[in-house]
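Only one structure is covered here, and it is reproduced in the block below.
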2 protein chains.
Amino acid sequence: MKPTVHDIAKIAGVSLATVDRVLNGRPGVRSVTRGKVEDAITSLGYVRDLAAANLAKSRTYSFVFILPANDNSFMIGLHEEVRGAVARSSSERTDIRIVDVPPFDPGALVTALETVLAEKPAGVAFVAIDAPEVRAAARRLSEAGIPMVTLVSDLPDSSRDHYAGIDNIAAGRTAGSLMGRFLSGPLMDERGATVAVLAGSMLVRDHRERLEGFSTVIAHAYPNVHILPVLEGRDDPALSEAMVSEALRRNADIAGIYSLGAGNRGLIRALQKAGAVRRPLVIAHELTASTRAALADGVIDAVLNQDAGHEVRSAIRVLKAKADGLPVLAAQERIRIDIFLKDNLP
Amino acid sequence: MKPTVHDIAKIAGVSLATVDRVLNGRPGVRSVTRGKVEDAITSLGYVRDLAAANLAKSRTYSFVFILPANDNSFMIGLHEEVRGAVARSSSERTDIRIVDVPPFDPGALVTALETVLAEKPAGVAFVAIDAPEVRAAARRLSEAGIPMVTLVSDLPDSSRDHYAGIDNIAAGRTAGSLMGRFLSGPLMDERGATVAVLAGSMLVRDHRERLEGFSTVIAHAYPNVHILPVLEGRDDPALSEAMVSEALRRNADIAGIYSLGAGNRGLIRALQKAGAVRRPLVIAHELTASTRAALADGVIDAVLNQDAGHEVRSAIRVLKAKADGLPVLAAQERIRIDIFLKDNLP
DNA sequence: GAAATCCTGAGGTACGTAAATCAAAATTTG
DNA sequence: CAAATTTTGATTTACGTACCTCAGGATTTC
């Protein structure tokens, strides 16, 4: 039988009230008495029954998710997953609120964080923008004792408690490795191959990191693959399409394209317009309706994906654990880089 | 505020006892009254507070995991993960027991299932062997109302409630696709390429399915890749090593090896002995200490992996949900095929 | 040594549900 | 219509913890 507070009281020879005072750090206990109680706790191996405690407190974890109001499929999917969590929240003793902020806007994010700080929620998850003022705002939240998880995009070396997202350098390396291997052979002659990279913006950390990983692997392992200057399509379909079309026109020898941002709709349109004759090898990020279709059709060769649902659920689990001062199961919370070929589409 | 049983009683104009009778399907309620209560329940959108209910019942979910006493790294890892779950079980209101059975032995598995049936646990997870007698035993458990999850290896078209494992046909297809793509080029001349397949046993369903997926993709998409007759190493290091060494000796032109079973230690030794001159492209299953090292060293090119920890945790979540008659979040419980290159090793 | 402060015990209520008892009311049966 | 039966209400206890009050004992302070 699991030990309860009553057992502690009996063993320590004190009253229930005193046990309660010790357990919940309330004042009014002499250190000798506190010692007796603590000994009883450890000797019994007592662990507080969280479910009962939460019931008694009639506690609900109030979490805030700050999400950029981006209109690409991935962010829309992320929103959806958070809304799904909101729907399930009543049965999970959570009360999740979504705060939308304009994308790529550090100032707006800081304002949102400040507003959230005033409400003192039980935890905050946000898609970070790597800027000093954001870091400072995060520190203020941390000092206020509010657990904090970065989502999708990290804020390294900051006061955040956890990052629920993929390792973007590893993702870039993986893309580079796949690109190098897939290109070696039919698409590459003795002079090497040319690869184009389509990004959203080099101001965003994840994009920078992916490019960094990609370039490193290509430079070291596939030296005869040549990377063209990065196309920054700002994750905008029309702009991305124009840039890719233009690049394909100007460089007849493009053998591969790495799309590391969210501009895939434009990319796919450009590729379709270019026709079947010019079929470069394409590696993209994020499995959405359009990339999935393109993968099935053979327009895209591989998709690296992060599962937004997993990220959201992981963020919630971690925030709960942090709010309760519990340890986090690292292996469970590591967000993996999914590699999809058309053969393992779920 | 979330509605409680008291609210239902008030709205329906009945007593708490009657609400309890309706909620828990106890007898002694006229259908008119039952109707009033049910109306109140739906109109209030009442959902039973599981935590409170479990507290009141002082309920613990008793689960049994039946695992083969196999000595390969994957099964050892699986055992470890279940033991980890056992360690956490007290705080999760679960009481997990592990039953070891001899591997590849349908009779022993059936006996174990029968024994478990007698104890009437709240749920059972087991690594299935695809045999009629196992199917029959599973049916008896199902008829006794015991939730059942197959782990790692499935028992399709049976009475099991859920399968916590990967789609092995898709895994085989993915391996085939990677093999075909990686081979096309430097390792393949106009006459095509030869590929060897190392399996544990063709009697095991997962191995059959992986081979099926692999062969299908190779046949359709890479017709000039030729697959040698399957080597059945029975997941035994020494035997696997001997078979691979022998195959490499006899077929000087082996360009690729697909290891779809658990005989990787032997495979790696054979490859190391063959030396750096003969470096076939190698794709293996399950990320273990040895495959991880081989991947880092470039002896293995890609590893397909199923995360045992995820499988165990998923099985427990599903068993809990089934025991409570709750729906399962399919997206959360889908076990994914991880693809590891040396660039995305965790 | 009295007054003030600090510690501790005893007891209760609450959280939302389960489960039981017993009496009263309603309904059916003969 | 009375007796037997079924249905319902009222009330209680329990699960394990949190949190509150109040009284009285133990210490400290002046």
- Query: Any residue at all in the range A:310-317 that is open to solvent by 50 Å² or more (accessible area, probe 1.4 Å), within 19 Å of residue A:261 (Cβ to Cβ) and either more than 9 Å from chain B (Cβ to nearest Cβ) or touching a residue at least 12 places away in the same chain (Cβ under 8 Å) (or both)?
  - Reply: no
- Message: Name the residue that is farthest from the other protein chains (Cβ to nearest Cβ), counting only residues in the range A:318-336 that are under 27 Å from residue A:287 (Cα atoms) and in contact with an Asp or Glu (Cβ under 7 Å, 6 or more places away or on another chain).
- Response: A:318
- Query: Taking the range B:201-232 on its own, how many of its residues are crowded, with 21+ Cβ neighbours inside 10 Å, assigned to a helix (DSSP H, G or I) and of a type in the set (A, V, I, L, M, F, W, C)?
  - Reply: 4
- What is the number of the single condition among (1) open to solvent by 30 Å² or more (accessible area, probe 1.4 Å); (2) farther than 23 Å from residue A:287 by Cβ; (3) more than 14 Å from chain B (Cβ to nearest Cβ) that residue A:236 does not meet? (2)
- Message: Restricting to the range B:162-184, name every residue that is among the hydrophobic types (A, V, I, L, M, F, W, C) and farther than 18 Å from residue B:286 by Cβ.
- Response: B:182, B:183
- Message: Please go through the range A:7-24 and give me each residue that is open to solvent by 60 Å² or more (accessible area, probe 1.4 Å) and more than 8 Å from DNA strand C (Cβ to nearest atom), ordered by number.
- Response: A:10, A:11, A:24
- Task: Tell me, yes or no, whether the range B:139-162 has at least one residue that is under 19 Å from the mean Cα position of the chain (by Cα) and on the phi > 0 side of the Ramachandran plot.
- Result: yes
- Item | Among (1) at pLDDT 90 or above; (2) under 40 Å from the mean Cα position of the chain (by Cα) - the single one residue B:25 does not satisfy | (1)
- State the number of residues belonging to the range A:66-120 that are open to solvent by 70 Å² or more (accessible area, probe 1.4 Å), within 14 Å of chain B (Cβ to nearest Cβ) and touching a strand residue (DSSP E or B) at 6+ places or on another chain (Cβ under 6 Å). 1
- Query: Among (1) within 16 Å of DNA strand C (Cβ to nearest atom); (2) hydroxyl-bearing (Ser, Thr, Tyr); (3) in contact with a strand residue (DSSP E or B) (Cβ under 9 Å, 6 or more places away or on another chain); (4) open to solvent by 20 Å² or more (accessible area, probe 1.4 Å), which single condition is residue B:61 missing?
  - Reply: (4)
- Item | Odd one out for residue A:252 among (1) over 16 Å from residue A:175 (Cα atoms); (2) more than 25 Å from the chain's Cα centre (by Cα); (3) modelled with pLDDT of 90 or more | (3)
- Message: So if I check each of B:300, B:268, B:254, which one is of a type in the set (Val, Ile, Thr), within 14 Å of chain A (Cβ to nearest Cβ) and open to solvent by less than 30 Å² (accessible area, probe 1.4 Å)?
- Response: B:300
- Item | Leading residue by the ranking (farthest from DNA strand C (Cβ to nearest atom)) among those in the range A:64-96 that are within 23 Å of residue A:116 (Cα to Cα) and of a type in the set (Asp, Glu) | A:80
- Task: State whether the residues of the range A:134-142 include one that is at pLDDT 95 or above, open to solvent by 40 Å² or more (accessible area, probe 1.4 Å) and of a type in the set (Gly, Ala, Ser).
- Result: yes
- Residue by residue through the range B:35-47, note down the ones that are surrounded by 14 or more Cβ atoms within 10 Å (Cβ to Cβ) and near DNA strand C (Cβ under 10 Å from one of its atoms). B:46
- Query: Do you know which of the residues in the range A:12-63 that are acidic (Asp, Glu) and touching a residue at least 24 places away in the same chain (Cβ under 8 Å) is nearest to DNA strand D (Cβ to nearest atom)?
  - Reply: A:49
- Note on the structure: Of the residues in the range A:121-133 that are open to solvent by less than 20 Å² (accessible area, probe 1.4 Å) and touching a strand residue (DSSP E or B) at 6+ places or on another chain (Cβ under 8 Å), the one that is nearest to residue A:324 (Cα to Cα) is A:123
- Over the range B:307-346, the set of residues closer than 19 Å to residue A:303 by Cα and of a type outside the set (Val, Ile, Thr) is B:331, B:334, B:336, B:338, B:340, B:341, B:342, B:343, B:344, B:345, B:346
- Query: Which of the residues spanning the range B:280-297 are surrounded by fewer than 16 Cβ atoms within 10 Å (Cβ to Cβ) and more than 14 Å from chain A (Cβ to nearest Cβ)?
  - Reply: B:289, B:293, B:297
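The values are calculated or read from the model by the stated rules, or taken from the named source; none is laboratory data. All values reported here derive from a predicted model rather than from experimental measurement. Here Cβ is always computed from backbone atoms with ideal geometry, including for glycine, and neighbour counts include all displayed protein chains. The accessibility values were calculated without ligands, DNA or RNA, using every heavy atom of the protein model including side chains. Shrake-Rupley method; radii C 1.70, N 1.55, O 1.52, S 1.80 Å.
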